[in-house]
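Visitor: Below you'll find the structure I mean.
The values are calculated or read from the model by the stated rules, or taken from the named source; none is laboratory data. Nothing here was measured: the structure is a model prediction, and the numbers come from that model. FYI the Cβ positions are ideal-geometry reconstructions off the backbone, even for glycines, and counts take in every protein chain you see. Protein only, heavy atoms only, side chains kept; ligands, DNA and RNA dropped before computing areas. Shrake-Rupley method; radii C 1.70, N 1.55, O 1.52, S 1.80 Å.
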Amino acid sequence: MAEVFKCPSCSAPLEFEGKMMQKCKFCQSNVVVPSEMMRNSNAFGGAGALDFGDLSALKGKALQIAEIQKLIQSGQKIYAIKLFRETFGVGLKEAKDAVDAMEEGKSIDISGMKIQTANLRANPTVIKIPKSVGAVVGGSILASFIIPAIFVVGVLGIIFYFVWTSMNRAVEQFTPLQEVTNNQIPQNRTQEVASIAQEILKFGGEGIGAGKFRDNRTIATDTQGRIFSAEFSGSIQVFDANGNFLTQIIVDTTNPFADLATDRKGNLFVLENYNLHRFKIENGENLGKTRIDNALDLAIGLDGKIYISTQNGEIQVFDAEGVKLNTIQLGKQFNLKDISEIAIDGAGNFVALDGATSVIYKFTPNGKVLTRFGGKNHKSASMFAGIPYDLAVDSQGRIYASQVSRISIFDANGNYLTDFKTTQAFGMVFNDKDELFVASRPFVVKYKLNF
């Protein structure tokens, strides 16, 4: 006869499924089975039959997990996969999937994996921690549940303690909102980075005539070397590669421009408020506009697709004619309500700025998070003292964030590298030569980065 107990949430009668934790079929709650039922259950052999042997091996597994994380962070994934296989006795695919998940900052469940121990009765044994109870490691460390049975508590307590203490340092890159003690802003920052960015071109200046600006905050370049920069609203000026004025494009709007971008087919795209305008660069022909509600920023990938971030935590995808192709939902999963800036690297990964928190996220093309960093905390170099206004990515995947008076640089994994001083820096863009153009109102400045 099946053993029955009541759900603590809805009081519905539940049949014991032989697991320490099960889901209520009525209210969908995760229910911890009463300890007395577990002790008396044949599924667990009775409490007296639980023999966990020498638990010292569990500490070793925790330390191995920390070592795997270190290998991942140092770019040695092959060795990380090898160590994972040796540690948990899984196949190549399972180890690779687990290491990939850890690299992306996700959690992985090690509770169903076998852990080799030495039995107190001198015979080698293998215990398998039930998946419904086990420890979780990866982007975060969790001890799943407290089970009243004293032997189970002992096992989970040891796993949790050693995994937590071993991994707390190793996963700092996946908890970037905490302050990183070895990532403080250098005292001699200005002298140290003076040669990182070399100013090689500057043009513009205050005014309303050809080649002059009052409030230019956006910038773009094309494959012909032409440079585009726009007033906060109304007009876009076009320059040759040397900064000589060529022409002006008037946009019929009184709303401020959010961003400019060009594709590799000679089209210019202008995002303002809720409209995406399209122009032919050669003759300035207006190709029409597409309405996009709650639009915030614009980026174009090497595939020619147009990506627009919104206040709804979405990235909407369009073709060059303004036809909507897809919507990538990020808001609910990552609590992103305001993707104020986006950029795309050469692999198609998105770099997105949460305007509410100043946290930068990096996502795969399918919307899976790779890393996050930044935030509002000036005490460490990876945090922002000011408000980030724009993002850019170079050909090596390095990430740049402008903050009016400086531009901060991070590697492809979000680790702080350095920064350099600027004046009124807003929009940024890289050309194919990895030269950085900045809308530094009322100027346009081109930098050569020396890495």
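Visitor: So which residues in segment 220-262 are open to solvent by 60 Å² or more (accessible area, probe 1.4 Å), over 21 Å from Q311 (Cα atoms) and in contact with a Phe, Trp or Tyr (Cβ under 7 Å, 6 or more places away or on another chain), if there are any at all?
Guide: Once the filter is applied, which keeps residues that are open to solvent by 60 Å² or more (accessible area, probe 1.4 Å), over 21 Å from Q311 (Cα atoms) and in contact with a Phe, Trp or Tyr (Cβ under 7 Å, 6 or more places away or on another chain), segment 220-262 yields F245, L246.
Visitor: A further question follows. At pLDDT below 75 and either open to solvent by 70 Å² or more (accessible area, probe 1.4 Å) or outside any strand (DSSP E or B) (or both): is that true of L71 in this structure?
Guide: Details: at pLDDT below 75: no; either open to solvent by 70 Å² or more (accessible area, probe 1.4 Å) or outside any strand (DSSP E or B) (or both): yes.
Here the answer is no, as L71 does not meet what is asked.
Visitor: Can you give me the number of residues within segment 406-418 that are touching a helix residue (DSSP H, G or I) at 6+ places or on another chain (Cβ under 7 Å) and charged (D, E, K, R)?
Guide: Residues in segment 406-418 being touching a helix residue (DSSP H, G or I) at 6+ places or on another chain (Cβ under 7 Å) and charged (D, E, K, R): 0 in total.
Visitor: Go through segment 383-417 and count every residue that is over 19 Å from the mean Cα position of the chain (by Cα) and on the phi < 0 side of the Ramachandran plot.
Guide: Applying the first criterion (over 19 Å from the mean Cα position of the chain (by Cα)) to segment 383-417 yields 385-386, 403-407.
Narrowing the set further to residues that are on the phi < 0 side of the Ramachandran plot leaves 385-386, 403, 405-407.
Looking only at that region, the number is 6.
Visitor: How many residues, within segment 409-436, are without any contact (Cβ under 8 Å) to a residue 24 or more places away in the chain, hydroxyl-bearing (S, T, Y) and either in contact with a Pro (Cβ under 9 Å, 6 or more places away or on another chain) or surrounded by fewer than 20 Cβ atoms within 10 Å (Cβ to Cβ) (or both)? Give the steps one after another, and end with the answer.
Guide: From segment 409-436, those without any contact (Cβ under 8 Å) to a residue 24 or more places away in the chain are 411, 417, 422-424, 433; that's our starting set.
If we keep only those that are hydroxyl-bearing (S, T, Y) too, we end up with 422-423.
Applying the additional criterion that residues be either in contact with a Pro (Cβ under 9 Å, 6 or more places away or on another chain) or surrounded by fewer than 20 Cβ atoms within 10 Å (Cβ to Cβ) (or both) yields 423.
Final tally of qualifying residues: 1.
Visitor: If a residue must be over 12 Å from the mean Cα position of the chain (by Cα) and either under 24 Å from K289 (Cβ atoms) or crowded, with 16+ Cβ neighbours inside 10 Å (or both), how many such residues does segment 344-371 contain?
Guide: 5
Visitor: I've got another one for you. Restricting attention to segment 297-314, which residues are part of a strand (DSSP E or B) and among the polar types (S, T, N, Q)? Please lay out each step first, then the result.
Guide: To start, the set of residues in segment 297-314 that are part of a strand (DSSP E or B) comprises 297-300, 306-310, 314.
Matches in segment 297-314: S309, T310.
Visitor: I'm trying to understand the selection: among the residues of segment 297-311, which are in contact (Cβ under 8 Å) with a residue 40 or more places away in the chain, among the aliphatic types (A, V, I, L, M) and either at positive phi or open to solvent by less than 30 Å² (accessible area, probe 1.4 Å) (or both)? Show your work before the answer.
Guide: So in segment 297-311, the residues in contact (Cβ under 8 Å) with a residue 40 or more places away in the chain come out as 297-304, 306-307, 309.
From the residues that got through so far, the ones that are among the aliphatic types (A, V, I, L, M) too are 298-300, 302, 306.
Once the filter is applied, which keeps residues that are in contact (Cβ under 8 Å) with a residue 40 or more places away in the chain, among the aliphatic types (A, V, I, L, M) and either at positive phi or open to solvent by less than 30 Å² (accessible area, probe 1.4 Å) (or both), segment 297-311 yields L298, A299, I306.
Visitor: Here is a further query. Mind checking whether some residue in segment 384-404 is open to solvent by 30 Å² or more (accessible area, probe 1.4 Å), hydrophobic (A, V, I, L, M, F, W, C) and farther than 25 Å from L436 by Cβ?
Guide: Looking for residues that are open to solvent by 30 Å² or more (accessible area, probe 1.4 Å), hydrophobic (A, V, I, L, M, F, W, C) and farther than 25 Å from L436 by Cβ, one finds none in segment 384-404, hence no.
Visitor: Kindly evaluate Y389 against the criterion of being at pLDDT below 95 and farther than 27 Å from V99 by Cβ. Please lay out each step first, then the result.
Guide: Details: at pLDDT below 95: yes; farther than 27 Å from V99 by Cβ: yes.
Here the answer is yes, as Y389 does meet what is asked.
Visitor: While we're on this one: What do you reckon, is K265 within 22 Å of V445 (Cα to Cα) and open to solvent by 50 Å² or more (accessible area, probe 1.4 Å)? Working first, answer last.
Guide: On the way: within 22 Å of V445 (Cα to Cα): no; open to solvent by 50 Å² or more (accessible area, probe 1.4 Å): yes.
No, not satisfied.
Visitor: Scan segment 279-296 for residues that are in a strand (DSSP E or B) and open to solvent by less than 30 Å² (accessible area, probe 1.4 Å) and jot them down.
Guide: Pass one, segment 279-296, residues in a strand (DSSP E or B): 279-280, 286-291, 295-296.
Residues satisfying the conditions are F279, G288, T290, A295.
Visitor: Still on this structure, I have one more. Considering segment 205-250 alone, what residues qualify as being touching a residue at least 24 places away in the same chain (Cβ under 8 Å), over 17 Å from V429 (Cα atoms), out of contact with any Asp or Glu (no Cβ under 9 Å at 6 or more places or on another chain) and in a strand (DSSP E or B)?
Guide: E206, F245, T247, Q248, I249
Visitor: Can I ask one more? In segment 315-326, what residues are in a strand (DSSP E or B) and open to solvent by 30 Å² or more (accessible area, probe 1.4 Å)? Walk me through how you get there before you give the answer.
Guide: Residues of segment 315-326 that are in a strand (DSSP E or B), as a first pass: 315-318, 324-326.
Scanning segment 315-326 gives K324, L325, N326.
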